[in-house]
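This report refers to the structure that appears directly beneath it.
The values are calculated or read from the model by the stated rules, or taken from the named source; none is laboratory data. Keep in mind the model is a prediction, meaning the values are calculated, not measured. A quick note on method: Cβ atoms are made from the backbone with ideal geometry, for glycine too, and the neighbour counts reach across all protein chains shown.
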Amino acid sequence: MNPQLSVIIPVYNGEKYLRQCLDSIVAQSIGIDNIEVIIVNDNSSDNSLSIINEYASKYDTFRVISNESNLGAGESRNIAINEVKTDYLTFIDCDDFISPNAYEDSLLKISENDADLLVFNWETYTGSDYVEPINIHQPNTDENVLLNSLEDNPKLIFSTASWNKIYHKSLYKFLKFSGGLYDDNLAVVSAIINASRIFLSKDATYFYRKNLTSTTENITPQHGLDLSESIRELYDLKNKFVNLLNVKFINDVLFWVYYYDWAIEDEISVISKLKECAYNVSDNDLDYFRTLYPDYEVYYKDDCLNLSSYDSETFLAKYKYFNRRLPKVKTFASLYVDEGNGFSEDSRLFMDYVPKIRNNVLTFDLSAFDNIVNIRFDPLEGAFIKSKINNVEVLQANCINSIDDELQIFSNLDPNYILNCEVNNELTIDFDLYFLNNDEIAGLFNLKDNIINEKNNIINEINKDTKKSRFNFLK
């Protein structure tokens, strides 16, 4: 046996979908004897290792590496790369799978075009149907194309996933995965900018499994810190296309800070980290990004350029809580229907309306749902509001005060109610809605800060402290 391609699979507690992943590799049209499969068991606590060993006992080209502790996907890939014996390698995550012809077709195209990097298309997989998302990081191609320079397709720099690519051994030295939540970015971007001939293939597909159990991705302050660190690493590459990618990442971090209702201390921490890492952003980079993506919704040019002009607290006050550079308020209401499996985007109903202070009346058609367990109602997105449901009992809400108060006050940009109601084929909701003004927002902002101080048992020291309290200048 003389394998032509190595496939690296980091595995951590992946028993649920691991067989589907491995079966898609075994079934490759090139033949399993031509594929070196290197699986790194990252100290899984479930049945993953047993499944891995089962396949390794059947196929001689399977190799197993076991980490003594959980090192993360990035370091697991680094370990496996050092063991690769072939001229080409690729990656696959243990809950994803690949089209049957992917590797044979890709290696043929690499040979015919003397390419050192091949990029193939990817789609999301939900379990029963294929979904093609609109995603700036998914520059899929409708034709087979050979690129001799990134100038031919600058948008390729946004393809930061490691797993929809095949790399020649000349690029292995650039595949150094970092830690954190964004361990792909530096390694993949380094490979892209150092590749001399890149082939974009429309004839192979990677299927990326998407989790639809929640309505939004669970973005935390750690995401902001890790992506900011990735921005710093990428700037060290000193490449104009990388700077273009960083414009997107800086906008991502700002959007998360603006949109999510994190504690103030976390917001300050993330902005401080971003200021350290993103000071190199230029007006030219921002304009270049806008030229490539004129319709991109999340775009904060002034905010990006002024990151270094203010301390973190003043920046937050100016750009989040007052002159908010948020995307346009989305004046549609959403109704989520739980049929026993939780709320998801698949069971989301939309209704456009013109918000008014009193008696917004919306009727949702529920005839398509057979077994309604719970109902969630979101009055709108993208604004701080006070609201009240007039005709339906509220079980809970993500407001900062009681649901028994006259109006519920929302200090986050995704206000929602869980409703207690009997429904047949339709549900009518009558609600009042007020947009918070700057004075009210300032009050909420300082209230959040005081809550943090109380939790840290320092609220009683405020009057003794000569240091100006946070955002005092806003009062």
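Data overview
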read-out	value
Residue match in the range 237-255 (condition: in contact (Cβ under 8 Å) with a residue 40 or more places away in the chain, of a type in the set (Phe, Trp, Tyr), part of a helix (DSSP H, G or I) and closer than 19 Å to Ser309 by Cβ)	no
Those strands (runs of 3 or more DSSP E) lying entirely in the range 1-96 with at least 3 residues more than 24 Å from Lys109 (Cα to Cα), under 27 Å from the mean Cα position of the chain (by Cα) and modelled with pLDDT of 95 or more	35-41
Set Asn401, Asn437, Asn425: member being over 27 Å from the mean Cα position of the chain (by Cα), under 16 Å from Thr363 (Cα atoms), loosely packed, with under 15 Cβ neighbours inside 10 Å and not aromatic (Phe, Trp, Tyr)	Asn425
Index of the failed condition, Lys173 passing every other in (1) at pLDDT below 95; (2) in the same structural domain as Ile81 (by TED's automatic domain parsing); (3) in a helix (DSSP H, G or I); (4) basic (Lys, Arg)	(1)
Test: Ser190 is touching an Asp or Glu at 6+ places or on another chain (Cβ under 7 Å) and either aliphatic (A, V, I, L, M) or closer than 29 Å to Ser99 by Cα (or both)	no
Any hit, the range 187-199, residues being touching a Ser or Thr at 6+ places or on another chain (Cβ under 7 Å), in a strand (DSSP E or B) and buried (at least 18 other Cβ atoms within 10 Å of the Cβ)	no
Selection from the range 61-74 of residues that are surrounded by 18 or more Cβ atoms within 10 Å (Cβ to Cβ) and touching a residue at least 40 places away in the same chain (Cβ under 8 Å)	Thr61, Gly72, Ala73, Gly74
So Ala383, is it surrounded by 15 or more Cβ atoms within 10 Å (Cβ to Cβ), of a type in the set (A, V, I, L, M) and assigned to a strand (DSSP E or B)	no
